[in-house]
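Here's the structure, in structure tokens; my notes come after.
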Ligand SMILES: *Cc1c(COP(=O)(O)O)cnc(C)c1O
């Protein structure tokens, strides 16, 4: 039996109508994922290799190593099929749905990254797929909407509320509750009611297993620290999980510090997404966790320059590991992330996702020329590059022009 909680976090805060679906899924998780019934995990790993391109490389970043006077390695999840870590989870859940005899997939998406990964996995496994996406997000993310359609998925616009991720999750839960018999809900991060946080983590934990093997081969030991960005926290826990028991490895979860670490109670907004660093306990999307909320306990609207980190909650397991002192939550602001985006692109030839750029910016904050050096990262540092930045080019051009960035190429020349 898997427990539903991580310390005081997690649980199953869902309406009664969803309990049968949650129980059926918990049973399937325990049998197929934990016990490898019918060889589920073997098929999953084989498909991750053949369709996904695993294992992804672990690469020494030569210029960053020189700049920071350390051995800096990059875990290249940007090279996974689809350009981000998200396929690990999407493929795992769609395959599980097939083992469970389900005939239809639904999923929510914010910026469209999870929607595109799910649509890809569903096409690969020949499952009909519907994606719920806020109307505002559909307008902002046209290429991703088109990608989902190309892979044969239907995209359902959500018009309630502000028409963004939070409302899209609620709509998908509603669809699932109505169609539990034949439908599986592929949730996009280590959030939601049990068993999702554990199950999604398990599908991503291949990242940390490959880091352990790769670093062992290259250095003969374990890394001193792991650094990953945290929105919901799935790439973070995927990176950390296998090494959580190795207490000598420091774990840093880098959140989006946005513009400023405040909450505006009047407007119900926060210009950041740092729920682990600054949030308080509450219940969101079926789980107790750390959240950004106002003085009345209302969830506030979060912000980040990277849409994938723009979420007011975070996975319950990360909240727990932070309270335990095992994971250190840190944050970097939008400008630092943009600078890190340009730095990696120019010095290493890798254009990272804006989400991943947050993890890279943390190294600069700690070890760069103007660093405050608050934390000890040790000698061998692994940064998870959770995705590639092609999807962010429009946003980067716009945000770079607004700022006077040291590391940025002149965008003006490009317009002449
Ligand atoms: C979605 C996304 C994230 C944030 O999601 P987590 O669940 O926090 O990992 C980070 N990086 C990339 C590239 C993403 O697409």
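Out of 191, 180, 160, 200, which single residue is within 13 Å of the ligand (Cβ to nearest atom) and assigned to a loop (DSSP other than H, G, I, E, B)?
On the way: 180 fails: within 13 Å of the ligand (Cβ to nearest atom); 160 fails: within 13 Å of the ligand (Cβ to nearest atom); 200 fails: assigned to a loop (DSSP other than H, G, I, E, B).
Criteria check complete, one pass: 191.
Of all residues in the range 223-252, which are more than 11 Å from the chain's Cα centre (by Cα), under 16 Å from residue 72 (Cα atoms) and outside any loop (DSSP other than H, G, I, E, B)?
We begin by selecting, within the range 223-252, every residue more than 11 Å from the chain's Cα centre (by Cα); these are 223-227, 240-252.
Those still in the list that are under 16 Å from residue 72 (Cα atoms) too: 223-227, 249-252.
The answer is 225, 226, 227, 250, 251, 252.
Given the conditions (1) free of Cβ contacts under 8 Å to residues at least 60 places away in the same chain; (2) outside any loop (DSSP other than H, G, I, E, B); (3) buried (at least 18 other Cβ atoms within 10 Å of the Cβ); (4) in contact with a strand residue (DSSP E or B) (Cβ under 9 Å, 6 or more places away or on another chain), report the number of the one that residue 149 does not fulfil.
If we test residue 149 against (1) free of Cβ contacts under 8 Å to residues at least 60 places away in the same chain; (2) outside any loop (DSSP other than H, G, I, E, B); (3) buried (at least 18 other Cβ atoms within 10 Å of the Cβ); (4) in contact with a strand residue (DSSP E or B) (Cβ under 9 Å, 6 or more places away or on another chain), just (3) comes out false.
When the range 152-166 is examined, which residues are found to be in contact with a helix residue (DSSP H, G or I) (Cβ under 6 Å, 6 or more places away or on another chain), at pLDDT 95 or above and surrounded by fewer than 22 Cβ atoms within 10 Å (Cβ to Cβ)?
152, 155, 157
So residue 91 passes all but one of these: (1) over 20 Å from the mean Cα position of the chain (by Cα); (2) farther than 21 Å from residue 214 by Cα; (3) touching a residue at least 40 places away in the same chain (Cβ under 8 Å). Which condition number does it fail?
With (1) over 20 Å from the mean Cα position of the chain (by Cα); (2) farther than 21 Å from residue 214 by Cα; (3) touching a residue at least 40 places away in the same chain (Cβ under 8 Å) applied to residue 91, the lone miss is (1).
Filtering the range 66-86 down to residues that are in a strand (DSSP E or B) and more than 10 Å from the ligand (Cβ to nearest atom), which residue is farthest from the chain's Cα centre (by Cα)? Spell out how you get there, then give the answer.
First pass over the range 66-86, keeping only residues in a strand (DSSP E or B): 71-76, 84.
Still in the list and also more than 10 Å from the ligand (Cβ to nearest atom): 71-76.
Numbers: 71: 25, 72: 21, 73: 20, 74: 17, 75: 15, 76: 14 Å.
Once the filter is applied, the top-ranked residue is 71.
Could you say whether any residue in the range 129-137 is closer than 18 Å to residue 84 by Cα and part of a helix (DSSP H, G or I)?
Of all residues in the range 129-137, those closer than 18 Å to residue 84 by Cα come to none.
Checking the range 129-137: not a single residue is closer than 18 Å to residue 84 by Cα and part of a helix (DSSP H, G or I).
Given the conditions (1) at pLDDT below 95; (2) surrounded by 13 or more Cβ atoms within 10 Å (Cβ to Cβ); (3) in a helix (DSSP H, G or I), which single one is not true for residue 405?
Looking at each condition in turn, residue 405 falls short on (3).
Does residue 359 meet the test of being in contact (Cβ under 8 Å) with a residue 12 or more places away in the chain and under 14 Å from residue 334 (Cβ atoms)?
Spelling it out, it is not the case that residue 359 is in contact (Cβ under 8 Å) with a residue 12 or more places away in the chain and under 14 Å from residue 334 (Cβ atoms).
Filter the range 98-115 down to the residues that are in contact with a helix residue (DSSP H, G or I) (Cβ under 7 Å, 6 or more places away or on another chain) and either in a strand (DSSP E or B) or away from the ligand (no atom under 16 Å from the Cβ) (or both) and list them by number.
From the range 98-115, those in contact with a helix residue (DSSP H, G or I) (Cβ under 7 Å, 6 or more places away or on another chain) are 99-100, 105-115; that's our starting set.
Matches in the range 98-115: 99, 100, 105, 106, 107, 108, 109.
Contact list please: Cβ distance under 6 Å, first residue in the range 220-245 and in contact (Cβ under 8 Å) with a residue 24 or more places away in the chain and under 21 Å from residue 71 (Cα atoms), second residue assigned to a strand (DSSP E or B) and within 13 Å of the ligand (Cβ to nearest atom), pairs at least six apart or on different chains.
Here the result reads 227/383; 228/384; 229/254; 236/228; 236/253; 239/228; 239/384, each pair linking the range 220-245 to a residue that is assigned to a strand (DSSP E or B) and within 13 Å of the ligand (Cβ to nearest atom).
Checking residue 354 against (1) surrounded by fewer than 24 Cβ atoms within 10 Å (Cβ to Cβ); (2) farther than 17 Å from residue 239 by Cα; (3) within 12 Å of the ligand (Cβ to nearest atom), which test does it fail?
For residue 354, the failing item is (1).
Between 306, 302, which is over 30 Å from residue 60 (Cα atoms), within 13 Å of the ligand (Cβ to nearest atom) and within 18 Å of the chain's Cα centre (by Cα)?
Numbers: 306 fails: over 30 Å from residue 60 (Cα atoms).
Answer to the selection: 302.
Looking at (1) more than 16 Å from the ligand (Cβ to nearest atom); (2) in a helix (DSSP H, G or I); (3) in contact with a strand residue (DSSP E or B) (Cβ under 9 Å, 6 or more places away or on another chain), which is the one condition that is false for residue 397?
(3)
The values are calculated or read from the model by the stated rules, or taken from the named source; none is laboratory data. This structure is a prediction, so every number in the text was calculated from the model and none was measured. Every residue, glycine as well, gets a Cβ built from its backbone with ideal geometry; the counts of neighbours run over all protein chains shown.
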